[in-house]
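Asks: Input: one structure, supplied below.
Bear in mind these aren't lab numbers, they're just calculated from the coordinates by the rules spelled out. The structure displayed is predicted, hence computed values, not measured ones. With ideal geometry, Cβ positions are generated from the backbone for all residues, glycine too; neighbour counts draw on all protein chains shown.
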Amino acid sequence: MPENGKHPVADPANVATSIELARQTALLHALLSQARSEVIEIAVGDINKQEILLDNFPVAGSKRIIVRRTSYGYDSLPVPTTGVLALQADSARLGMTIVNSGANPVILYLTSTGVATPGAAAIYLAASGGAWDGRLGNVPWFGGVTAVAQTSASTLTIAGA
């Protein structure tokens with residue numbers, strides 16, 4: 001930088017370039033922030049239309065994907081103490097809920113064996129209302145589910161999609 005007395009003087013061309021780069025950097029940060037903030041919601045239902053995408057729903061910057069899915073499940077699946085395959089594996093499963101509507105506790109084994117399987121992941125459902133939302137952490141379980149009643153037979157209510 002040339003000096004003007006005791007103080008350095010900035011080159012006007014370098015100052016203009018720096019200002020323009022700062023503006024572009026701010027714009028790039030804003031674009032990246034917007035791209036990362038997009039909210040996508042998936043909704044399922046037994047609608048008669050094909051899959052559709054709703055932009056800016058329910059608010060600007062959000063998207064809703066509507067997927068045609070028929071539900072499946074049981075209103076009263078008998079669960080013996082010997083075990084029963086409650087749900088088969090389904091790689092397209094988006095979610096499920098299993099409620100113990102019976103009078104005895106049930107253990108859910110995350111396996112398709114149909115019988116108690118020591119070593120497989122197990123979930124305890126208390127009698128008369130114990131429930132599982134079908135997730136491990138924040139991801140849905142799409143493998144098989146075996147139910148085994150404890151002490152005496154019980155009943156499950158199951159909904160999946």
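Asks: Between exposed GluC sites (Glu not before Pro) in the chain, where DSSP calls loop and at most 16 other Cβ atoms lie within 10 Å, what's the longest gap?
Replies: Within the chain, the longest run free of exposed GluC sites (Glu not before Pro) spans 52-161.
Asks: While we're on this one: Using every alpha carbon pair in the stretch 51-135, what percent of pairs falls into each 5 Å bin from 0 up to the bin containing the largest distance?
Replies: 3, 11, 18, 21, 14, 9, 7, 8, 6, 2, 0
Asks: Is it possible to state the helix-based mean residue ellipticity at 222 nm for the chain, with each DSSP H run of 4+ residues giving -39500 (n - 2.57), the sum divided by total residues, to the nearest 500 deg cm²/dmol? What is it?
Replies: Taken over the chain, the calculation gives -5500 deg cm²/dmol.
Asks: Along the three principal axes, how long is the stretch 38-86 when you take its alpha carbons, biggest first, rounded to the nearest angstrom?
Replies: Each principal axis gives a Cα extent; for the stretch 38-86 these are 52, 24, 14 Å.
Asks: Within 10 Å of each candidate Cβ there may be at most 12 other Cβ atoms; applying that plus a DSSP loop requirement, which trypsin sites (Lys or Arg not before Pro) in the stretch 15-103 survive?
Replies: Counting only loop positions with at most 12 other Cβ atoms within 10 Å, the trypsin sites (Lys or Arg not before Pro) in the stretch 15-103 are 49.
Asks: Now for a separate question. Can you run phi through the Karplus equation (6.51, -1.76, 1.60; θ = phi - 60°) for the stretch 50-59 and list ³J(HN,Hα) in whole Hz, with x for Gly and Pro?
Replies: Per residue, the Karplus-derived 3J(HN,Hα) values read 6, 4, 9, 10, 9, 7, 6, 10, x, 9 Hz.
Asks: Percent of Cα-Cα pairs per 5 Å bin, from 0 to the last occupied bin, for the stretch 109-148, please list those.
Replies: The percentages, shortest bin first, are 6, 22, 30, 25, 15, 1.
Asks: Return one number: the angle in degrees, 0 to 90 and rounded to the nearest 10, between the long axis of the Cα atoms of helix 12-36 and the longest principal axis of the Cα atoms of the chain.
Replies: Helix 12-36 sits roughly 10 degrees off the main axis of the chain.
Asks: Tell me the Rg and the Dmax, in Å, that the Cα atoms of the chain produce.
Replies: Cα radius of gyration and Dmax of the chain are 28.4, 97 Å respectively.
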